[in-house]
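The values are calculated or read from the model by the stated rules, or taken from the named source; none is laboratory data. It should be emphasised that the depicted structure is a prediction, and the values quoted were computed from it without experimental measurement. When we count neighbours, we look across all protein chains shown, and the Cβ atoms used for this are built from the backbone with ideal geometry, even at glycine.
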Amino acid sequence: MLGAIFAGVCVATLVRPLGLGGGWWAGGGAAVALATGLVPVSAALAAVGGTWEVLLFFAGLVLLTVALAEAGATEWLLDRVEGWSGTSPRRLMVGSLVVTAAVTALFSNDAAALLVAPIVARRAAGRGLSSVRFVVGIAVMANAASLILPVSNPVNLLVLERDHIPLSSYLLQVTPAALLAVTLVGLALSWLLTRRLPARASGTAVPGSARDPGKLVALGAVLGVLLAVDLWIGGIGLPLGPPTFVGGAVAVLIGWARGGVSPLRAVLAGRWSLLPLVAGLAVLGAGLESAGPLAELAHQLVGAGGFGAQVRVGLATAGASAMANNLPAAFLGMAGLGAVGELRRLGVPLIAGADLGANLAPSGSLSTLIILAPGGGEASVRSRDFWAAGWLAGPLGLAAALSIVALAR
């Protein structure tokens, strides 16, 4: 019964019945599981309590995203890209992919979907170019770059919170593999998506909205301090959530002080659906840890351990991410590996499979769903447009990252 509820939440996250986001359905599924006794209240409280750092971190990230969007920070950055690209659509594509990777690495793939995709699509269309190619490239690159740092994807922090991998270990073992994967994916996308672009753009650069330089400098200082604090705190094993939340609140207050939206309007403008989605899936995942079939499947994947176990777990998670979504797939993987006591040893390949496996299907990640949704990237993108790029670049990045991660572990 609990498995059916979990599967129903996965489907609802993808198809959004009644127009409700995944957070509503995950919260509802968790409520049903608690009301019927499928998940003990004590286990649910422990599961939600175990994700408090992640929830607080992404609350801060939501506030940062709102402050940066209101200040026009992404517009300013893309102005620099357009200045470099000139009339070359191919340079504009490469620059857009680089910006996507950078925003994803520092703020998460969901932030790239919200901050970068709509602006690039609008600017490409204004220059007489196919915005579909740019939107697809951003979607695939955001998934690939989401492995670079722990903060680059909600999945990363959720798994790391459970298996307690130090930040230094992640930077040494995972980040190099992620950078190689991003390079390969970037090269593949540049070849595929620029082949039919004209040599010169027919339109002119689309100027960004007017911006307050002082506000951008102040927000840049906040981000610099926050990055330094997060690296220091992560290095000594303390939670990243509190400083990130404080940084987001300070960014919103700076924007307000310089004539921006009020803190209340900033909060209302935030995309908060990720928080109930994570909390609801955490409760359902806690109940699934005692499911016999799931534990048996995890035992089969682990086998005798070693390199093969790392690869099998990564590939299985990638497949589950393609079929459902990488966030539910990660919770399912954590539940299975937790049931057999192997999460700490196999958490990193689980992360790699979830992050990079998302490029194997349009439903693979929430960021892709945001970008490809009508109005998300301000372009009409068909699923087959994503398949063509995802199935070329996705396996390249997945194979490279998973192989290096498995060898390093």
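The set of residues in the range 123-148 that are surrounded by fewer than 24 Cβ atoms within 10 Å (Cβ to Cβ) and not in a helix (DSSP H, G or I) comprises Arg127, Gly128, Leu129, Ser130.
Among the numbered conditions (1) closer than 18 Å to Leu158 by Cβ; (2) at pLDDT 80 or above; (3) not aliphatic (A, V, I, L, M), the only one that Glu342 does not meet is (2).
Condition check ((1) at pLDDT below 85; (2) surrounded by fewer than 21 Cβ atoms within 10 Å (Cβ to Cβ); (3) part of a loop (DSSP other than H, G, I, E, B)) across all residues:
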site: Val283; (1), (2), (3): yes, no, no
site: Ala286; (1), (2), (3): yes, no, no
site: Gln300; (1), (2), (3): yes, yes, no
site: Arg312; (1), (2), (3): no, yes, no
site: Thr317; (1), (2), (3): no, no, no
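Remark: Gly3 matches the filter, which requires a residue to be assigned to a helix (DSSP H, G or I), of a type outside the set (Ser, Thr, Tyr) and farther than 30 Å from Val116 by Cα.
Looking at Ala12, Ala59, Ala44, Ala31, can you tell me which residue is at pLDDT 85 or above, surrounded by fewer than 24 Cβ atoms within 10 Å (Cβ to Cβ) and in contact with a helix residue (DSSP H, G or I) (Cβ under 6 Å, 6 or more places away or on another chain)?
Working: Ala12 fails: at pLDDT 85 or above; Ala44 fails: at pLDDT 85 or above; Ala31 fails: in contact with a helix residue (DSSP H, G or I) (Cβ under 6 Å, 6 or more places away or on another chain).
Of the residues listed, the single one that is at pLDDT 85 or above, surrounded by fewer than 24 Cβ atoms within 10 Å (Cβ to Cβ) and in contact with a helix residue (DSSP H, G or I) (Cβ under 6 Å, 6 or more places away or on another chain) is Ala59.
Quickly run through the range 15-56 and pick out the residues that are within 16 Å of Asp110 (Cβ to Cβ), of a type in the set (A, V, I, L, M, F, W, C) and out of contact with any Pro (no Cβ under 8 Å at 6 or more places or on another chain). Passing the criteria: only Leu55.
Within the range 222-267, count every residue that is polar (S, T, N, Q) and touching a residue at least 12 places away in the same chain (Cβ under 8 Å). Lay out the reasoning, then the answer.
Kept after step one, since they are polar (S, T, N, Q), are these residues of the range 222-267: 244, 262.
Filter again for touching a residue at least 12 places away in the same chain (Cβ under 8 Å), leaving 244.
The number of residues fulfilling the criteria is 1.
Tell me, please, whether a residue that is assigned to a helix (DSSP H, G or I), more than 24 Å from the chain's Cα centre (by Cα), at pLDDT 80 or above and surrounded by 14 or more Cβ atoms within 10 Å (Cβ to Cβ) can be found in the range 226-248. Within the range 226-248, not a single residue is assigned to a helix (DSSP H, G or I), more than 24 Å from the chain's Cα centre (by Cα), at pLDDT 80 or above and surrounded by 14 or more Cβ atoms within 10 Å (Cβ to Cβ).
Filter the range 10-38 down to the residues that are under 14 Å from Leu274 (Cβ atoms) and part of a helix (DSSP H, G or I) and list them by number.
To start, the set of residues in the range 10-38 that are under 14 Å from Leu274 (Cβ atoms) comprises 13, 21-27.
Correct list: Thr13, Gly22, Gly23, Trp24, Trp25, Ala26, Gly27.
Is one or more of the residues making up the range 252-275 assigned to a helix (DSSP H, G or I), modelled with pLDDT of 75 or more, within 20 Å of the chain's Cα centre (by Cα) and buried (at least 18 other Cβ atoms within 10 Å of the Cβ)? Among the residues of the range 252-275, at least one is assigned to a helix (DSSP H, G or I), modelled with pLDDT of 75 or more, within 20 Å of the chain's Cα centre (by Cα) and buried (at least 18 other Cβ atoms within 10 Å of the Cβ), which makes the answer yes. As a summary of the residue check, Met141 satisfies the conditions (1) of a type outside the set (Phe, Trp, Tyr); (2) over 19 Å from Thr175 (Cβ atoms); (3) modelled with pLDDT of 90 or more except for the one numbered (2).
Checking Ala101 against (1) more than 29 Å from Leu197 (Cβ to Cβ); (2) modelled with pLDDT of 90 or more, which test does it fail? Of (1) more than 29 Å from Leu197 (Cβ to Cβ); (2) modelled with pLDDT of 90 or more, only one is false for Ala101: (1). With the structure loaded, tell me whether Ser168 is polar (S, T, N, Q), farther than 20 Å from Ala142 by Cβ and assigned to a helix (DSSP H, G or I) or whether it fails that test. So Ser168 passes the test.
If we keep just the residues of the range 46-67 that are in a helix (DSSP H, G or I) and of a type in the set (Gly, Ala, Ser), which is farthest from Met93 (Cα to Cα)? Quick ask: steps written out before the conclusion?
Let us first name the residues in the range 46-67 that are in a helix (DSSP H, G or I), namely 46-49, 52-67.
Next cut, of a type in the set (Gly, Ala, Ser) only: 46-47, 49, 59-60, 67.
Numbers: Ala46: 45, Ala47: 42, Gly49: 42, Ala59: 31, Gly60: 30, Ala67: 26 Å.
The extreme case among them is Ala46.
Of the helices (runs of 4 or more DSSP H) contained entirely in the range 68-115, those carrying at least 3 residues that are of a type in the set (Ser, Thr, Tyr) and surrounded by 20 or more Cβ atoms within 10 Å (Cβ to Cβ) fall at 89-107.
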